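> Okay, handing you the structure first.
The values are calculated or read from the model by the stated rules, or taken from the named source; none is laboratory data. Computed from a prediction, not measured in an experiment: that's the story for all the values here. Cβ placement follows ideal geometry from the backbone for every residue including glycine, while neighbour counts extend to all protein chains displayed. Just the protein is used for accessible areas: all its heavy atoms, side chains included, with ligands, DNA and RNA removed. Shrake-Rupley method; radii C 1.70, N 1.55, O 1.52, S 1.80 Å.
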Amino acid sequence: MEKKTIFSGIQPSGEPTIGNYIGAIRNWVELQENENYENIYCIVDMHAITVPQVPKDLRRHTLELLSVLMASGLDPEKTTLFIQSHVPAHAELTWVLNTLTYMGQLNRMTQYKDKSKRFEDSSINSGLFTYPVLMAADILLYQADYVPVGEDQRQHLELTRDVAERFNNRYSPTFKLPEALIKEEGARIMSLQDPEAKMSKSDANKDSYLLLLDDPDAIRRKIKRAVTDSVGVVAYNDEQKGIKNLLNIYASFTNEDIGNIVDRYEGKGYGVFKEDLAEVVVEALRPIQERYNDLINNKDYLEKVYKKGAEKAEYMANKTLRKVYKKVGFIPR
Ligand code: TYM
């Protein structure tokens, strides 16, 4: 049986949060262990520059993210790990796909609408607008069957399928239509300060997110400050969105049934629940942080990993790009 291809990406635009981990990274680690899948994961530095980045921080965040991915369990012997800007085919296919993507559809992307609010109309860069086209190119180059992501990426996946279908119809069947793999539980971890908003590393309020590399004191402090409600009962419902989110985080790290956790805190206040949750998170992140500290100091090894990853990725990507160039009418060199 031919293996199915799994592709996903993550931006090095800051330090990864537990939202990235629960919504994406830990699912990638699980998929890696399934021998029916060929796994490819990409650090998307070209996506990151759609909002201003300090160059030396971007370089540092890229290597930190590679270390975090490996510390979380992604094994470069089993999985292809690479950096987007190392494989020029991503930019090249994006150009072709740009010519098949309608402005109207890009205008409807909710992530674009959210992100562009931060800028004056006259200073929204066109990279932010065509961001989903680069994402489509990432996925389509590898003929991915499945794309494991959090809920916030669903709309981008739909656009990817639309653009692929348009290309296939206009020229001839070329791209596989990828499917989003979104786990129900943990697909949307919310801000600790505003349970209506997604937890995001770009949030100005540092208390709103837990970073994978936060030290135990920071974790305890942020969870203690997490916004709850005045009901005072640990329960899982939409009237108590703050507690609901904390329960989701708890269950994600212990793999427990939410009902069991709720039962255990019957008659106890939020204080005890929050203290226990903090210890759950501290203990879950401890082994990841230990492995991370070894990896980040081993720059030679990191370089070997991303160079080998880029070679493998480039080979696969170029196969698709050559077909695309031929079909649109470019003369081969
Ligand atoms: P990014 O870097 O914002 O996030 C990486 C992954 O983490 C998930 N995620 C979350 N899941 C649950 N709760 C949260 N609070 C949370 N925050 C983030 C995201 O859904 C994502 O799966 N556009 C993508 C990167 C990308 C990509 C791709 C993904 C570029 N090319 C190709 C898949 C395939 C992004 O900005 O992810």
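> How far is helix 241-254 tilted off the main Cα axis of the chain, in degrees rounded to 10, range 0 to 90?
80 degrees
> Report, to two decimal places, the Cα Rg of region 206-294 normalised by 2.2 N^0.38 Å (N = number of residues).
Values: Rg = 13.2 Å, N = 89, 2.2 N^0.38 = 12.1 Å.
The value comes to 1.09.
> Follow-up question, since we're still on this one. Among D145, D214, D194, whose mean-square fluctuation peaks in a Gaussian network model of the chain (Cα, cutoff 10 Å)?
Looking only at D145, D214, D194, the largest GNM fluctuation is found for D194.
> Would you mind finding the longest exposed-site-free stretch of the chain, with exposed GluC sites (Glu not before Pro) meaning DSSP loop and at most 16 other Cβ atoms within 10 Å?
Details: sites that count: E2, E33, E35, E77, E120, E184, E185, E196, E239, E256, E266.
Answer - 267-333.
> State in Å² the accessible area per residue of region 187-233; use a 1.4 Å probe, count heavy atoms of protein chains only, and round to the nearest integer. Show your work: numbers first, answer last.
Numbers: 2420 Å² over 47 residues.
Each residue of region 187-233 exposes 52 Å² on average to a 1.4 Å probe.
> Enumerate the amide H contacts of L181 below 5 Å, restricted to partners 5 or more residues apart or on another chain; note that Pro and chain-start residues carry no placed amide H.
Under 5 Å from the amide H of L181: V147, V149.
> Starting from the amide H of I83, placed 1.01 Å from N in the peptide plane, find each other amide H under 5 Å away whose residue is 5 or more places distant or on another chain.
Excluding prolines and chain starts, which carry no amide H, the hits are I43, A310.
> Against the longest principal axis of the chain, how steep is helix 216-225, in degrees 0 to 90 to the nearest 10, with axes from Cα atoms?
The angle comes out at about 70 degrees.
> Now for a separate question. Residues with beta-carbon under 14 Å from that of S123, excluding S123: net charge, scoring Lys, Arg +1 and Asp, Glu -1?
Details: positive: K115, K117, R118; negative: E120, D121.
Result for the local shell: +1.
> Let me ask something additional. Count the net charge of all other residues whose Cβ sits under 15 Å from the Cβ of E165, scoring Lys and Arg as +1 and Asp and Glu as -1. Intermediate values should be presented prior to the final figure.
Details: positive: R161, R166, R170, K176, K327; negative: E158, D162, E179.
Counting the neighbours of E165, the net charge comes to +2.
> A further question on this structure: With no solvent and one equal point scatterer placed on each C-alpha of region 246-333, evaluate the Debye formula and give log10 I(q)/I(0) for q = 0.23, 0.24 Å⁻¹, two decimals.
The Debye formula, applied to the Cα set alone, gives -1.07, -1.11.
> Most fluctuating residue of N36, N318, N260 in a GNM of the chain with Cα springs under 10 Å: which is it?
Ranking N36, N318, N260 by mean-square fluctuation puts N260 first.
> Tell me, what is the per residue accessible area of region 1-101 in Å², probe radius 1.4 Å? Intermediate results must be reported in sequence, preceding the final value.
Working: 3870 Å² over 101 residues.
Per residue, region 1-101 has 38 Å² of solvent-accessible surface.
> Residues with beta-carbon under 14 Å from that of R220, excluding R220: net charge, scoring Lys, Arg +1 and Asp, Glu -1? Walk me through the numbers on the way to the answer.
Numbers: positive: R221, K222, K224, R225, K274, R286; negative: D207, D214, D215, D217, E275, D276, E279, E283.
Result for the local shell: -2.
> What is the calculated FRET efficiency for Q289 to V328, with r their C-beta to C-beta distance and R₀ = 45 Å, to the nearest 0.05?
Computed FRET efficiency for Q289 and V328: 0.40.
> For region 51-183, what is the largest minus smallest coordinate of the Cα atoms on each principal axis, given in angstrom and ordered from greatest to least?
Per principal axis, max minus min of the Cα coordinates gives 42, 40, 31 Å.
> Now, a different point. Once both axes come from the Cα atoms, what is the angle between helix 154-170 and the longest principal axis of the chain, in degrees from 0 to 90, rounded to 10?
Rounded to the nearest ten degrees, it is 10.
> Calculate the all-directions average of the projected area of the chain's alpha-carbon convex hull, and give it in nm².
Values: hull surface 75.0 nm².
Its Cα hull, projected and averaged over all orientations, spans 18.7 nm².
> Let me ask you something else. Tell me which residues come under 5 Å, amide H to amide H, from S191 once H is placed; ignore anything under 5 positions away on its chain.
For S191, whose amide H was placed from the backbone, the distant partners under 5 Å are A197, K198, M199.
> Ok, one more. Treating cross-link reach as a plain straight distance, find the lysines whose alpha-carbon is under 19 Å from the alpha-carbon of K222, omitting any fewer than eight places away in the same chain.
Partners found: K198, K201, K206, K241, K244, K274.
> If each of K3 and K113 carries a label point 7 Å out from its Cα toward its Cβ, how far apart are those two points in nm?
Simple spin-label model gives 4.0 nm for this pair.
> Per residue of region 201-213, in order, report the coupling 6.51 cos²θ - 1.76 cosθ + 1.60 (Karplus, θ = phi - 60°) as ³J(HN,Hα) in whole Hz, putting x for Gly and Pro.
Couplings: 5, 8, 5, 5, 8, 5, 6, 7, 10, 9, 8, 4, 9 Hz.
> Counting only Cα atoms, I'd like the Rg/Rh figure for region 146-229, Kirkwood definition for Rh. Display every interim value, and only then the final one.
Details: Rg = 18.4 Å, Rh = 15.4 Å.
Looking at region 146-229, the ratio lands at 1.19.
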